[in-house]
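Novice: Can you keep this structure in mind? I'll have questions shortly.
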Amino acid sequence: MYLNSIFADPERMDRLIEIAKTSLQPLLEGAVMNTIPLTIISFIIGIILAVLTALARISQGKFFQGIARFYVSAIRGTPLLVQLFIIFYGLPNIGVTLDPFISAVIGFSLSVGAYASEIIRAAIISIPKGQWEAGYSIGMTYTQALKRIILPQAARVSIPPLSNSFISLVKDTSLASVVLVTEMFRRAQEIASTTYEFLLVYVEAALLYWVICFFLSILQGYLEKRMDRYTS
């Protein structure tokens, strides 16, 4: 019915084509100015946090293990949307008011850190214990063996799942619209609310997300092939 009404009305068809053309630029601006930077910054911070959390989980210190376990449990056990609401709308109740973009970065970084820490931890413990013993046998300390032997191998194992996390983060940034970040999806909401062509605008936004993720998938494959060169 919807498509029939469009094809039966040339004026409606022209209007939809014009809306699609005019909405492309603001959607791309939202992607370039906020979606992509938000993804990259959050992922970098999240990976740093993930490595520290994973190392804390495998350490002998009960205190650091406990903090890391609590952090991972709290983040994985609560919805990301709720976390964003707490950071942006809840913290002002105790006098902490954050910029929308900063709030989104904190929320996404914490989420990436929790989930990616389990990927990195699993990669580290998957390395045979003989690798540790080999490092100790030539006089390496725990830190040296971890840095020079274990982490490089764990990085190769971690790339596929971490790449998937990065691609998922691109899509998750659409949640930043709820904390007033004018990323691509929020631009789509604004356009749809003024044109009332919700289906057209949201499909256009979905296609742009798909294009971004498609190119990231190609990059993922390239990185995996590069890392395979170092596989013995």
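Novice: So how long is each side of region 2-228 along the principal axes, counting just the alpha-carbon atoms, biggest first, in Å?
Specialist: Rounded to whole Å, the extents work out to 79, 48, 25 Å.
Novice: Please arrange Ile41, Ile125 by how many other C-beta atoms lie within 10 Å of their C-beta, fewest to most.
Specialist: Ile125, Ile41
Novice: Using a/c under 1.5 as the rounded threshold, could you call region 20-129 rounded, prolate or oblate? The axes a ≥ b ≥ c are square roots of the C-alpha gyration tensor eigenvalues, and prolate needs a/b larger than b/c, oblate otherwise.
Specialist: Because a/c hits 1.5 or more and a/b fails to exceed b/c, region 20-129 counts as oblate.
Novice: How high is the relative contact order of the chain, in percent, with contacts defined as C-alpha pairs under 8 Å that are six or more residues apart?
Specialist: Reported as a whole number, the value is 28 percent.
Novice: Based only on other Cβ atoms within 10 Å, what is the fewest-to-most ordering of Ile67, Ile87?
Specialist: So the residues, fewest neighbours to most, are Ile67, Ile87.
Novice: Count the lysine pairs in the chain that are 8 or more places apart or on different chains: how many have C-alpha atoms under 30 angstrom apart?
Specialist: Going through the chain pair by pair, I get 7.
Just so you know, all these numbers are worked out from the coordinates, no wet-lab data involved. In this text the structure is predicted, and so the values were computed from the model without any measurement. Note that we place each Cβ from the backbone using ideal geometry, even for glycine, and neighbour counts take in every protein chain shown.
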